[in-house]
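Quick notes on the structure that follows.
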Amino acid sequence: MKIISAKDHGHRVVIRIVHNPTAPEWVHIVGNQILSAEGVPRLLPDGEPDLVASTLPPPGHTGETCRNCRYNWDVSEIVFDGPDLFHIGASGDMVRFTDDELVVMAFTRAGRPLPPSILDGLEGREG
């Protein structure tokens, strides 16, 4: 696990942890049909689909720049707010946790995330 961002908003701290930091952040899914910048599937000169042949995207390609890239990192967001940010100090006063204490608590909470569950009641709704 590795912390990829940590933001202190004053009243809350948000720490993002990646569980698979050695995996690439963006990958091409091998076997998917390559899409053009407009999102149209590309064909080879013989009319066959042009398929992704490597998991490595070209340098600089991310989901914002390449329709064939997929986000590959498994990320947890740990939020500390309200009483989560404080503990009772030796004098009996509320004391904010130090950065080192927050890191330990964030890694403890992150553990291994549960697999996602399907929210059937939300799919297909329109606004």
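None of the figures in this text is laboratory data; all of them are computed from the coordinates on show. Model, not experiment: these values are computed from the prediction. Backbone-built Cβ (ideal geometry, glycine too); neighbour counts: all protein chains shown.
If R₀ is 41 angstrom, what is the calculated FRET efficiency for the pair Leu44 and Ile3, using the beta carbon separation as r and rounding to 0.05?
Approximately 0.40, to the nearest 0.05.
List the residues, sorted by chain then number, that are 5 or more residues from Asp74 or on another chain and whose placed amide H is less than 5 Å from its amide H.
HN-HN under 5 Å from Asp74: His19, Asn20.
Can you find, among Gly60, Leu35, Pro49, the residue sitting farthest towards the positive end of the charge dipole of region 24-72, where Lys and Arg contribute +1 and Asp and Glu -1 at Cβ?
Gly60
On alpha carbon coordinates alone, what is the Rg over Rh value for the chain, Rh being the Kirkwood radius? Don't skip to the end; give the middle numbers.
Numbers: Rg = 21.3 Å, Rh = 18.4 Å.
Here Rg/Rh amounts to 1.16.
Relative to the longest principal Cα axis of the chain, at what angle does helix 99-110 sit, 0 to 90 degrees, rounded to 10?
That works out to roughly 50 degrees.
Taking amide H positions as placed in the peptide plane 1.01 Å from N, state which residues far from Asn32 in sequence (5 or more) or on other chains have amide H under 5 Å from it.
Long-range HN contacts for Asn32: Val52.
Points 7 angstrom from Cα along the Cβ direction at Ala37 and Thr55: gap in nanometres?
Going from the Ala37 label point to the Thr55 one covers 2.9 nm.
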